[in-house]
Structures are given as C-alpha cells and as structure tokens.
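Here is the structure we will look at.
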Amino acid sequence: MKFISKPAPNYRDKRSTQDIMMDVTLALVVVALFAIVFNFMQYGSAYGIRVILVILVAVGSSVLTEVVWFLLNKKPVLSSLAVSFPWVTGLILALMCQVNVSLYALSMGSIFAILFGKLIFGGFGHNIFNPAGVGRAVVLTGFASAVVVDFATGATPTSTMNAYGWLINDAALGETFLSGFGGLSNLFIGSYAGALGETSTLTLILVGIYLSWRKAIDWRIPVAYIGTLLLLATVVGLSNQAVVWYPLFHILTGGAVFGAIFMLTDPVTSPTSMTGRIIFAVGAAIITMVIRLKANLPEGVLFSILIMNMLTPIIEGLTDGQQIKRQTKNMRSILVVLLAGVLLTFGLGNMLVAKDPNAKVEPEEPPISLKQLALSDASLDEFVGEIVSKSADGDFTTYNVKVAGYGELYATDDYYTYTDNELAIVVDTVNKKLISITYVTFGDTPKIGDKTKDEEYLATFKDMDLSDLQQDVDLLSGATYTSMSIASAVKIVMMDLGN
Amino acid sequence: MSLLVGPMQQHLNGHKDLTDHNEIIEVSPSKQVLIPLVCYGSNELELLVKENDKIKVGTKIALRNDKMIIPIFSSVSGTVVKVVKNMHDMLRPVDHLVVENDFQYEVEMPFNPLDPEKASPEELIDFMMNAGIVGLGGAGFPAYIKYKFAKDIHTVLINGVECEPYITADYRNMTDNIDKLIVGSKAMMKMANAKEVLIAIKETKQDLIAQLESALKDHSEIKVVKVPDVYPMGWERTVIYQVFKKRYDRLPGEIGVVVNNSSTAIAFANALLNGAPITQKMVTVSGDGIVKPSNILVRVGTPVSEVVAALGGYNAEEVNLIAGGPMMGKTMPNDTFVITVSTNAITVLRPQKFPDVACLRCGRCSDTCPAGLQPVRINEFEKARDVDSLVKLSALDCIECGMCTYVCPSRLEVTEGVRRAKRLIMAKKK
Ligand code: SF4
Ligand code: SF4
C-alpha cells in the first residue's frame, strides 16, 4: 500500500487548459470554414483552394517551427506540442490575412510569431505579446507589398474608409460607400473583401457566444471592447454630424470583432483580474480609435492589441488586492480610463476632415529620382505602350499611341480607375523627324501630370530625330511619371520609324 | 457574481450518492483507542487520569484550561495505558492517550442533563462549555465562546450545507436526528437571544428539506433556507452572503448572526437530553479508493486503519488518504492517525496524474476564490518572494479552501503556492 502525499486539495475540475484550447481551435475552424465557403462561392474554386492553402501554410509553419525548436532543445516533440498549442497562433494569423497574402510572407510571419512572439519568452504562458499579432505585424510591415495579384478581391472597407479620412458626413457619399460593400447587412454577414476571418461579424458573434458559454473566454473583454468602440465612434460621429451608421462601421469592419473575440481574450497576454480585463479592453478600444482617426491606418485593431499587451503588467498592478474591498476603486479606474478615452477621441474627432476620394483628391506624387532622363533609359520600358493606329498623309504619318501612365503603374489602390495616356504623334517619315505631339486622352491625374500638360514640354520633342535615340538626349530634368510615359511613347514611335 | 468580482463559488461534482443513502455501519475499535490530547490547536492540557486508571465511556480524561475551556472525554471503557506520540490529522505528531478497550462500553455521565426550556441562557452557555461542545464543521472551535460574546444577534444560522464533495455525514446525521437538531437549534437561539433560527440546506437535498419542513410545522421560529449546490457554500462568509446578502469584516456577529454547524447542534442536544459528551462520530468514508464507501458511526480515537479495514480496505495500490474531504482535508502519509472529535470524513482517492502545462493566466482561480483573492498573482509574487506585494494581495485572508487548485485548468498546485506565501509573510512578521 502506498500513500501518495501531496498538498491539498486532491480534487480537480474536469476542465483543462487543453480543453479550453480545443474550444478555441474549434471556434477558429468554424470561422475558417466560413472563409473557405465564402471564397468558393463568391470568387470560385481557385480562391477557395487558395484560402485552404493560406491556412495550411500558416498552421504548418507554426507547428514546424515549434517542432524544430523542441528538437533543438531536446524536448519530447509530441507531448510538448500538445501543451504549447502552436496551431492556434497559426490559425489566428491566417484568418487575419487576406486571400492574396503571399505564402512566403505568411510563413515568415508564422515563424516570427512562434519564435519571437512566444518561444524566446519561454513558451506558452510566458509570452508578453499575442503571438499571432506579432506575426501579423511582421507580414504587414515587412512584406507590405507581398501580395499575389492573381487573387485580387477589391478594396476592403477599412482601406476605403481610410481614403475617406475616417469620416463620412454626406449621406450621398455614404450611400456610395455602403453600396460598394452591399450595404450594412452585408457587412454584418460578411460577404465582402477583407481578411479571411474578420469579415463575418455574424459568425464571429456566434462563436464568441459559444466560447463565453464554455468559459473559454471572458465575455467581459469583447463586450467592453466593442461597447467602448461603439461609444467612442458615436462621440466622433455626433460631433461631426456623421452618417447614422458611422459607429456601426467601426465595429463591423477591420477585424474589430475578430480581435475582440480571439486576440484580446488571449489569457496569456491579458490581465488576470476581471477589472484588469475590462480596463485592458477599454484601453484597446481607445487606441484602436486613435490609430484609425489620427494615424489614418486601417490596422488599428492589431496595433492596439499589441500596445495593450505591453501595458498588461501595469494594469495588473493597478487592480491587485482584495477584489471585494477594491470594487469601488476598481470601478473608478475603469470609468477614468473610459472618460479619458471619450475626451481624447472627441478631441481627435474634431480634427477630422471628411474626404471624398471620388473628387480626385490625390495622394502626393511619389518622389522620383531627379536625374536627367534619356530616351535610352531602361526605366522607360516600364511604361509599356502600343501603337493603336497609324495613318499616313503624304510624308507625314500620325501615330496614335497608348501608353501606361502613373495611375496604371503605381496607384495600387483599386478604388481609383485610371486610363492610359493616349497621344497623337505626327512624324515626317522622309526625314524621320518628330513634327508634333498632342494628347488624345490624358489618363494621368491632373496633379501628377501637370508639368507635362504644358505645351512647352511637349514642344521639347519637336524636331527630334531617330539619331537622338542613340545620342541620349536629355529630355527633362526632374522627370515626372507622366513625362516618362510620354518619352516612352516617343521612343515607341521612333523605333517603329527605324524599322 | 457581479461585473468586477467573479462568482467566488462553483458547483463541484459531489459524488454524494456514493454514501448518502447507504446503511450506516457501526465500526468498533479493537483493543486500543488513542484519544488525541489536543484541543483547538493547543496541546497544553491538564491530564485528569493516570496509568492503570479504570475509566468509562464519558469519563473526563483531560481539560484545556486557559483562554478557553475544553474538556476531553473517553470514548470507551477500560484501562488507561499511557501517553504516546502519534500522527494527528493536523499532519504533525501529538500526544494521544492510549486506552485499553474492555469492550463493555460502560457509560458514566460526566454531567447531568439540562432542560433547555427551563434553563437560562447563562446556564446553557456554561453547560455547553462543560460538555466540550466544539464546532463540528471542521475547525473544532469551542462553541460556547460565540454565545458568551454574542451581542445584538438576530439570527442563529445552522449550517447544514456540507459543501465538500463526498461528505454526507451531516446530511445523514440530520435525517436521523431531526428532533435533536430542533432541540439544539432552539437552545442556541435562546443562548444568543436571537429571534429566529435559519437552517441552511443545499437546495438539492429535497428529501431532507421536506422532512425538516414538516417537522418544523410547530416551530415557527425555525426556518429552512435553501442554498445553491456550490462550493464553498459551507464557509461562513459564503453562506452568510448567500442568505443575508451582507458581508462582514471579521466575525458574523457584526451583522447580528451566529453560525453553528448542524452536527454541533445535534451533539449539543444529545448532551442536554442525555448528559452525553461527544464520544462517537458520524463519519463519511468515501472515494474511489475504498471498497465500500459508507457513513460510519465510530468512536473517537479509533485508528483509521481499522476503519478502512472494516469497510473492505483500499481498492488501489496507490491512494491519496485524506483526513476530511478532498478540498480542504489534509493528505496523510499513512493510516495510523485516529478519528478525532472533529473528524467528519475520511476520503480515499486514486491519485490522478496530469501533464505539465504552464499557467494560462486565465484568472479562473481569482474569479472563483471565495475570499476575493488573486491566487495567480499571489503565486507570481511568492515565486519572486516579494512580501510587500503579498501583503497588498491580502494573502493571509486565504482560507485554504482549495478552490484555486480545483479550478486551475493547467492543474497547478495553486493553493499550495498561496500557503507558501502565507508562511513567507508570517516569517517576515516575526
Ligand atoms: S485556497 Fe485561498 S486563495 Fe485559493 S481559492 Fe481558497 S481562499 Fe482563495
Ligand atoms: S487558474 Fe491556473 S492557469 Fe488559470 S490563472 Fe490561475 S493558476 Fe493560472
């Protein structure tokens, strides 16, 4: 007979951390399924398969990173994995990305998330930042342009809202905006372009209720976060006479609900006391709002979570003590934070200027190297063009040339539509000389092409002949994109002449 | 449960059906009993008998006579052998008086019965003191002291909640002794000069509630209050908050309430009616590690090894042998310890093994701590040996209810960390 001595109690609840993480996994899988089905139905099987691939890559890279880590540290791989839950990080990360995310970027993000978000802190339970959040930040900042163009799905509501300056106070503009995404109800159901798991508020609310009921998450966090966000957006909306649905927009899009349910509730990186969790969520909502309004960034949710993760130890310290006796103090702390948030967003809200992206208020012209541009310059080749038509009239031939302009090449924001620049170029076929150059269609936006609209500039091409092509004639000091576009057109015509 | 404070309680699987309706088994000691010479933490007792004295059931054998008066009585008749050191369920060896059992169980009344209807409150309090009635809910605090200092009491709360898993001794004691429960309760009401008695019973014990309610028809001053089946509903603060929705600082008297365990009331009635001190106990022996889980009637001083043997023995190679229930009872290193006046259960469980999982920081321990503490934070600062923070976290208010370990999904020994923290603070205080 052996009496096993151990400290009391000798009784355990059935609920284990493994169970809890299984519940979270299940919830994530439901959200992932929505993303897969939605992409299959909306965009076709290529997109659906792509979503599956994105998820597999993120989960695979996360798990593999841990496998390698455990092998290097000579730990039993399977049993260590079973209590480290890397797939949860992978799933969350995948669901925060869009369908066109580069798989390379995503796997780098996953590796970073696991390695620098979790393992170097000592593994599960010891990390300071939400690992998936770290991974997403890496994908966003390190691989911003790493998207796969084959999987274009259109602009997301938040990036579009960005273009509106985070304020819509004109009902007609609001209509245009909403109709771009099928209306509010569609935003709620989630059939619009966005990060895979973040679009369907409906699905997220359902799994959120499930997780709260299973006590896998504390309902206080999502409720406090979304509630505060709603309150702050209402403050901004009212003080700016914004459209009525303006506050709703803030919670329906940009991963607010996803972040509230899956990331802010991550117990490891949030405070342990109830008051702490509420302050944490309220703080995150305030920061989300500040980032959206002030920094004019669509990723307010993500960065607010990472910032609050950092503040978790301070919040914990704030609420330490006998919780029954501290109730009044704790309530006061929450209200103070909330009030500060309201005042702050009220102030920021007053600085907002509504923008109408359709009114062609353009982004600044990107800087271009101030160099002497020569016709032989290789960079001209980027401005692909073609001869649309050629009509001869005696010695003179008129070429109509279509050539890509700034918009086509550099303005990736799909909301704007650009057309090619189209030029009519008259040449003397006998002397192989350029006689005149005029616009047929000016595709570039006014500001970017200003200089080149000048007759003066167009005149510099006059009398140019074939030999100039070899002689590296300087075309313009401080070339603009449009000047390059025109030079490219000239070059195409000259080449045609030469043949 | 409120917005900022967790539920501070939780339903546990009680496994009460293992024993609650079984036949009560009488377990008699073999040739010797070892009566612990320790009262409410003190072993500074005056021994009233010497070697080779012939004594009877009820003979007063020792007395604690300092700040509090607690007599100890023999549970068998026979011959005093000697005083030995033996393991006590407080987990340390203490003096025990060995009595050779003559199996006659000859009874001697150490005090005369008293009619509670006629006696004055003062007489009743003195009687309670001399009868050695101690709190049978676990702590063994002498019951008379509460009444001696009672002031502006409106309610006597009889605690029949019995929230520890597996234990059904109070329940069986009540179902079998309803009359005594009423006599004892009424006497306590008189002693406290209270207006009413509330008997708190778990709402799930419907048979007992029905039985009590019909017995209480003629006693309008006694009422049953049903409380939820959660842990630790049997803790004074929890049950008082449940019944009165009030919290107090140090003692329930602050809000006009005196609390006594139902078995204490029954033992008190037994002393009043029969002139009999506590020499026998109703004890639940249960768990998945014992062949025949049962409620037993057993004499104080009977070694637990004999109790276990009488119930068919252990049914596993390795067991956790617990003096008390699985939540608050101490895990014993062997089964040589004896049944004491305040023993209400012996729990035998098969040990469970769990994989190592890090603290999830889920805060469940804080949300369910009935004392409103933050065990996870206490554990963190205990590891850092940061006494100031531990004091700020009120670690000393921990009642060691075991809830934090119970709920911990990572299966950490959270309660033990809090115990270490308490020791750390105490060491610094000295
Ligand atoms: S053992 Fe102490 S700290 Fe743990 S739940 Fe009970 S009272 Fe709270
Ligand atoms: S219940 Fe366990 S895992 Fe959760 S915070 Fe407390 S100690 Fe950590």
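Among the residues of region A:421-458, how many are at pLDDT 70 or above, open to solvent by 50 Å² or more (accessible area, probe 1.4 Å) and either more than 19 Å from A:Ile492 (Cβ to Cβ) or not β-branched (Val, Ile, Thr) (or both)?
The number of residues fulfilling the criteria is 5.
Could you check how many residues of region B:100-156 are assigned to a loop (DSSP other than H, G, I, E, B), among the acidic types (Asp, Glu), at negative phi and in contact (Cβ under 8 Å) with a residue 40 or more places away in the chain?
Of the residues in region B:100-156, 3 are assigned to a loop (DSSP other than H, G, I, E, B), among the acidic types (Asp, Glu), at negative phi and in contact (Cβ under 8 Å) with a residue 40 or more places away in the chain.
Restricting the search to region B:184-238, which residues are in a strand (DSSP E or B) and within 16 Å of ligand 1 (Cβ to nearest atom)?
B:Tyr231
Taking region A:100-119, which residues are away from every other protein chain (no Cβ under 14 Å) and under 16 Å from A:Met310 (Cβ atoms)?
Matches in region A:100-119: A:Phe116, A:Gly117.
Can you tell me which of A:Thr201, A:Thr228 is buried (at least 24 other Cβ atoms within 10 Å of the Cβ) and out of contact with any Pro (no Cβ under 7 Å at 6 or more places or on another chain)?
A:Thr228 is the lone residue from the list that is buried (at least 24 other Cβ atoms within 10 Å of the Cβ) and out of contact with any Pro (no Cβ under 7 Å at 6 or more places or on another chain).
Restricting attention to region B:384-412, which residues are within 25 Å of A:Asp13 (Cβ to Cβ), without any contact (Cβ under 8 Å) to a residue 40 or more places away in the chain and charged (D, E, K, R)?
The one that is within 25 Å of A:Asp13 (Cβ to Cβ), without any contact (Cβ under 8 Å) to a residue 40 or more places away in the chain and charged (D, E, K, R): B:Asp397.
In region B:398-423, what residues are of a type in the set (A, V, I, L, M), open to solvent by 30 Å² or more (accessible area, probe 1.4 Å) and more than 10 Å from ligand 2 (Cβ to nearest atom)?
The answer is B:Ile399, and nothing else.
Out of region A:231-285, which residues are of a type in the set (S, T, N, Q), touching a residue at least 60 places away in the same chain (Cβ under 8 Å) and open to solvent by less than 10 Å² (accessible area, probe 1.4 Å)?
A:Thr253, A:Thr269 - these are the residues of region A:231-285 that are of a type in the set (S, T, N, Q), touching a residue at least 60 places away in the same chain (Cβ under 8 Å) and open to solvent by less than 10 Å² (accessible area, probe 1.4 Å).
Give me a count of the residues in region B:287-329 that are within 19 Å of B:Gly402 (Cα to Cα) and touching a helix residue (DSSP H, G or I) at 6+ places or on another chain (Cβ under 7 Å).
1
Check B:Val338 against each of (1) open to solvent by less than 10 Å² (accessible area, probe 1.4 Å); (2) within 16 Å of ligand 2 (Cβ to nearest atom) and name the one condition it does not meet.
In the conditions (1) open to solvent by less than 10 Å² (accessible area, probe 1.4 Å); (2) within 16 Å of ligand 2 (Cβ to nearest atom), B:Val338 misses (2) alone.
How many residues are surrounded by 24 or more Cβ atoms within 10 Å (Cβ to Cβ) and among the β-branched types (Val, Ile, Thr) if we restrict to region B:375-397?
Selection size over region B:375-397: 2.
Could you give every pair whose Cβ atoms fall below 7 Å, whose first residue belongs to region A:6-30 and is touching a residue at least 12 places away in the same chain (Cβ under 8 Å) and more than 9 Å from every other protein chain (Cβ to nearest Cβ), and whose second residue is open to solvent by 30 Å² or more (accessible area, probe 1.4 Å) and assigned to a helix (DSSP H, G or I), counting only separations of at least 6 or pairs across chains?
A:Thr25/A:Trp87; A:Ala27/A:Tyr210
Of everything in region A:314-328, what is open to solvent by 60 Å² or more (accessible area, probe 1.4 Å), at the interface with chain B (Cβ under 10 Å from one of its Cβ atoms) and assigned to a helix (DSSP H, G or I)? Give them in sequence order.
Those that are open to solvent by 60 Å² or more (accessible area, probe 1.4 Å), at the interface with chain B (Cβ under 10 Å from one of its Cβ atoms) and assigned to a helix (DSSP H, G or I): A:Gln327, A:Thr328.
Give B:Gly372, B:Gly363, B:Gly329 a once-over and let me know the one that is open to solvent by less than 10 Å² (accessible area, probe 1.4 Å) and away from ligand 2 (no atom under 16 Å from the Cβ).
B:Gly329
Scan region B:297-311 and give yes if some residue there is buried (at least 24 other Cβ atoms within 10 Å of the Cβ) and not β-branched (Val, Ile, Thr), otherwise no.
Within region B:297-311, one or more residues are buried (at least 24 other Cβ atoms within 10 Å of the Cβ) and not β-branched (Val, Ile, Thr).
Select from region A:244-296 the residues that are more than 21 Å from A:Asn330 (Cβ to Cβ), part of a helix (DSSP H, G or I) and aromatic (Phe, Trp, Tyr) and write down the one among them that is nearest to the other protein chains (Cβ to nearest Cβ).
Taking the candidates together, the pick is A:Phe262.
The values are calculated or read from the model by the stated rules, or taken from the named source; none is laboratory data. Predicted model, so just to flag it, every value in this text is computed and none were measured. Here Cβ is always computed from backbone atoms with ideal geometry, including for glycine, and neighbour counts include all displayed protein chains. Surface accessibility is based on the protein's heavy atoms, side chains included, excluding ligands, DNA and RNA. Shrake-Rupley method; radii C 1.70, N 1.55, O 1.52, S 1.80 Å.
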